[in-house]
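Written out below as structure tokens is the structure these notes cover.
The values are calculated or read from the model by the stated rules, or taken from the named source; none is laboratory data. As the structure is a computational prediction, the values presented were derived from the model and not from experiment. Here the Cβ positions follow ideal geometry from the backbone for every residue, glycine too, while neighbour counts run over all protein chains shown. Calculation scope for accessible area: heavy atoms of the full protein, side chains included, ligands and nucleic acids excluded. Shrake-Rupley method; radii C 1.70, N 1.55, O 1.52, S 1.80 Å.
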Amino acid sequence: MKVLIVGGGGREHALAWKLRRDDPNVQLLAAPGNPGIASLGQCFPIAVDKLKDLAHLAEEEQVDLTIVGPETPLEAGIVNLFQTRGLPIFGPTREAARIETSKRFAKELMVRTGIPTARASQHADAKEAKAALANFGSPVVIKASGLAAGKGVIVAQSTAEAERAIDAMLSDRVFGAAGREILIEEFMEGEELSLFVITDGRQALPFLAAQDHKRLLDGDFGPNTGGMGAYAPTSIATPELVPKVMSEIIKPTLAAMREAGSTFKGLLYAGLMITDEGPKVVEFNCRFGDPETQALMPLMDSSLLELLAAVAGGGSLSRARVPDWKPLAAVTTVVAAAGYPGNVRTGDVIRLPPPSEGVEIFHAGTARNPSTNELVTAGGRVLAVTAVASSLFEASELSRSHAEEVSFSGKQLRHDIGWRELTRGARIT
């Protein structure tokens with residue numbers, strides 16, 4: 001089988017790594033890919049927003065399956081284009097991808113369907129938005145409605161901070177077109193949980209739940225990022241919780257998408273808040289999460305390739321089994337570049353530690369210096385260091401120690417991935 005992966009981040013490297021383990025004979029292509037993916041297959045210098053070029057590549061190479069990593073090409077309609085050309089592709093259509101690309105669409109769908117989520121209001125005018133703050137109190141959440149690379153969410157601790165966030169998004173346009181409209185949401189108390197499900201539009205199979213770490217600094221301080229680390233499994237995803245999420249959130253959402261004429265086929269990622277009242281939706285994403293994918297793929301014991309191919313080929317998951325998982329723990333520590341999540345510095349030479357059993361290093365923002373062939377930084381989140389061990393404590397120690405051994409000027413990382421679980425005293429084996 002020949003598989004094309006669209007994207008060039010850590011998530012895409014982890015997917016390529018997993019597919020190669022599912023089928024050692026699979027031929028992997030990636031566009032644009034990265035130096036890590038290049039060790040597993042062939043990379044083509046085609047940007048993810050060059051949809052016609054990507055379709056041409058799939059046709060020329062007679063690709064059997066295309067997997068879309070990032071959300072940007074999904075919003076642009078890559079699935080729609082591939083489908084018109086008869087090219088098998090895994091991911092939702094442009095219309096279905098709105099569940100992530102328009103927070104307003106997602107919120108209205110949830111409210112209309114009765115899916116548990118935070119109370120919210122939508123605004124395009126700064127004065128009107130500031131007036132609405134009185135209905136929410138503090139803290140309060142301000143969200144850009146469109147795609148903002150995981151950074152368009154501000155948890156404001158005061159009205160003054162919320163007003164500054166509103167001005168930044170609606171007046172100063174710090175998130176560009178993504179912030180032309182914003183949501184003001186009530187702040188939800190609890191712990192966040194990431195749950196992926198693979199779906200053919202009707203049937204849905206849950207993955208192992210994971211927990212992401214959005215803040216830049218230890219202890220969940222600092223600005224929001226695209227994700228500084230993740231771990232799985234987590235004890236808050238109890239045997240009772242996941243079926244509850246499937247019945248009260250995932251299935252009604254898929255039904256509502258069908259009713260809206262936007263059947264969702266692909267990977268639906270539910271970002272949840274586990275509150276005292278039960279699980280509530282923080283947001284939906286229309287693709288594999290990053291860095292959760294880097295933590296989950298080494299734990300997945302059954303074939304991912306078979307599931308992706310079944311959905312992309314228009315088949316049904318009715319006879320497919322829920323994926324199997326190794327009885328181990330995984331911790332992923334992201335190593336970020338100087339300046340991230342603001343003005344990122346690139347071009348710093350990277351030195352990697354020697355290979356170690358139980359540790360995988362997934363490339364994200366890396367490149368080869370064309371003059372020296374040295375590995376250099378080329379993006380905000382540079383590498384994801386995933387460790388797998390018999391307990392969360394061991395995996396955390398292993399991931400952190402190897403991330404600390406990565407060397408480049410200005411590197412940033414958190415040293416406490418999985419800290420909530422470890423604080424609870426859990427030992428997952």
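Results, tabulated for the structure shown:
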{"read-out": "Selected residue [farther than 22 Å from ARG11 by Cα, buried (at least 17 other Cβ atoms within 10 Å of the Cβ) and of a type in the set (Asp, Glu)] from GLU394, GLU374, GLU360", "value": "GLU394"}
{"read-out": "Cβ-Cβ under 7 Å pairs, at least 6 apart or on other chains, the stretch 219-232 side open to solvent by less than 30 Å² (accessible area, probe 1.4 Å), far side in a loop (DSSP other than H, G, I, E, B) and β-branched (Val, Ile, Thr)", "value": "GLY229/ILE417; TYR231/ILE417"}
{"read-out": "Criterion (in a helix (DSSP H, G or I) and out of contact with any Ser or Thr (no Cβ under 7 Å at 6 or more places or on another chain)) met by exactly one of PRO92, PRO73, PRO45", "value": "PRO73"}
{"read-out": "Filter pass, PRO291 being open to solvent by less than 10 Å² (accessible area, probe 1.4 Å), at pLDDT 95 or above and of a type outside the set (S, T, N, Q)", "value": "yes"}
{"read-out": "Residue count, the stretch 52-73 (criterion: under 21 Å from the mean Cα position of the chain (by Cα) and either basic (Lys, Arg) or more than 19 Å from VAL311 (Cβ to Cβ) (or both))", "value": "1"}
{"read-out": "Hey, LEU40 farther than 25 Å from PHE264 by Cβ, open to solvent by 10 Å² or more (accessible area, probe 1.4 Å), in contact (Cβ under 8 Å) with a residue 12 or more places away in the chain and not in a helix (DSSP H, G or I) or not", "value": "yes"}
{"read-out": "Selection status of ILE154, crowded, with 16+ Cβ neighbours inside 10 Å, β-branched (Val, Ile, Thr), modelled with pLDDT under 90 and touching a helix residue (DSSP H, G or I) at 6+ places or on another chain (Cβ under 6 Å)", "value": "yes"}
{"read-out": "Of the criteria (1) at pLDDT 95 or above; (2) outside any loop (DSSP other than H, G, I, E, B); (3) touching a strand residue (DSSP E or B) at 6+ places or on another chain (Cβ under 7 Å), which one ARG420 fails", "value": "(1)"}
{"read-out": "Selection within the stretch 315-335 - touching a residue at least 24 places away in the same chain (Cβ under 8 Å) and either open to solvent by 30 Å² or more (accessible area, probe 1.4 Å) or assigned to a helix (DSSP H, G or I) (or both)", "value": "GLY315, SER316, SER318, ALA320, ARG321, VAL322, ASP324, TRP325, LYS326, PRO327, LEU328"}
{"read-out": "Condition check for GLY342: modelled with pLDDT under 95 and in contact with a strand residue (DSSP E or B) (Cβ under 9 Å, 6 or more places away or on another chain)", "value": "yes"}
